[in-house]
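Quick note: the coordinates plus some simple rules give every number you see, no bench work behind them. Keep in mind it's a predicted model, so treat the numbers as computed, not measured. Cβ placement follows ideal geometry from the backbone for every residue including glycine, while neighbour counts extend to all protein chains displayed.
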Amino acid sequence: MATDALTLNRRAARTLPWLRWLVLAIGAVAVIYPIGLFLINSLKTNAEFVVAPLAWPTHWAFENYIEAWNKANMGRLIGNSAIVSVATTALTIVLSSMLAFGLHAFRFRGQDAILASVVMTLTIPAQVYIIPLYIVVISLKLTNNHLALILPYTAGAMPLAVVLFRNYFAGLPYELIDAARIDGATSFDIYSRILMPLARPVLGAVGIFTFVGAWNEFFLALVFIQRKELYTLPLGTQVFATSEYSTDFTLLFAAFSISMLPMVIVYLLMQRQFIAGMAGGALKG
């Protein structure tokens with residue numbers, strides 16, 4: 001019996017790495033294949049795409065990217081999206097980290113209720129509160145203004161960011177705060193000079209999540225922005241999908257490929273912090 005069990009354990013030890021590689025390979029194909037198909041179709045003519053969407057291009061139409069850039073004025077769209085996304089990311093990091101620090105460093109009545117209410121807002125989509133949000137934006141005269149997007153995007157990104165920051169702070173030794181207070185450090189000193197430098201992994205995770213979410217958001221931009229010079233990328237690329245008689249799919253694919261590039265760059269620059277932040281912020285606390 002002991003020999004049979006040892007044999008099974010050895011077989012399992014040899015098989016498990018292969019199973020892991022198989023699962024990773026399937027996952028990689030599931031992600032890479034649609035992206036590759038997307039990029040290949042962006043280099044076809046529209047007629048060729050309609051006839052053979054899964055085939056390789058017979059003529060590599062690199063001019064699709066130039067035409068898409070010029071037709072949609074992609075430079076302006078990227079600039080608008082960058083303003084909104086960077087401002088949203090900065091506000092989210094500052095406000096959510098401060099709230100998370102308060103929930104971790106201080107003990108007060110109602111603390112758990114505040115944290116629970118923050119977590120509950122994760123389940124509420126924007127479509128549910130769009131009418132009261134629209135009334136607020138109209139009352140503040142923020143329509144056709146980037147603030148009409150930055151402020152709601154920040155509010156929508158904060159719940160997840162607060163949870164990640166708070167859980168990461170909870171995983172750090174509380175003695176750090178006590179020792180700093182004994183040395184005369186103020187609460188802001190503890191937040192800015194001790195906890196935030198240690199929270200760089202969570203900064204990366206929150207930064208990527210928030211930036212990508214703001215970069216890709218379409219619904220609120222459609223509601224609050226009507227002036228074309230303020231369009232963000234998701235809103236501006238509609239020019240390829242709203243033709244009266246047809247949709248120019250290849251130009252649409254080319255425009256989307258251009259819009260994906262900044263997100264890929266941000267992730268490549270911050271992938272280590274993203275992985276470490278997700279592991280620390282999700283599992284600690």
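Per-structure values
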item: Positive dipole terminus of the chain, leading residue within ILE258, PRO152, ALA185 (C-beta point charges); result: ALA185
item: Spin-label pair VAL264/VAL119, simplified geometry with 7 Å Cα→Cβ offset, distance in nm; result: 3.8 nm
item: Where trypsin sites (Lys or Arg not before Pro) in DSSP loops with at most 10 other Cβ within 10 Å are excluded, longest remaining stretch of the chain; result: 1-106
item: Dimensionless Rg ratio for the chain, taking C-alpha atoms and the 2.2 N^0.38 Å reference; result: 1.28
item: 222 nm mean residue ellipticity, helices alone, for the chain (DSSP H n ≥ 4; -39,500 (n - 2.57); rounded to 500); result: -23500 deg cm²/dmol
item: GNM top mover of ILE190, ILE32, ILE66 - the chain, alpha-carbon springs below 10 Å; result: ILE32
item: Net charge over other residues, Cβ less than 13 angstrom from the Cβ of ASN64 (K, R count +1; D, E count -1); result: -2
item: Value of relative contact order over the chain, rounded to a whole percent, pairs C-alpha under 8 Å and six or more apart; result: 30 percent
item: Simple label model, 7 Å out from Cα along Cβ direction - LEU39 to VAL86, nm; result: 2.6 nm
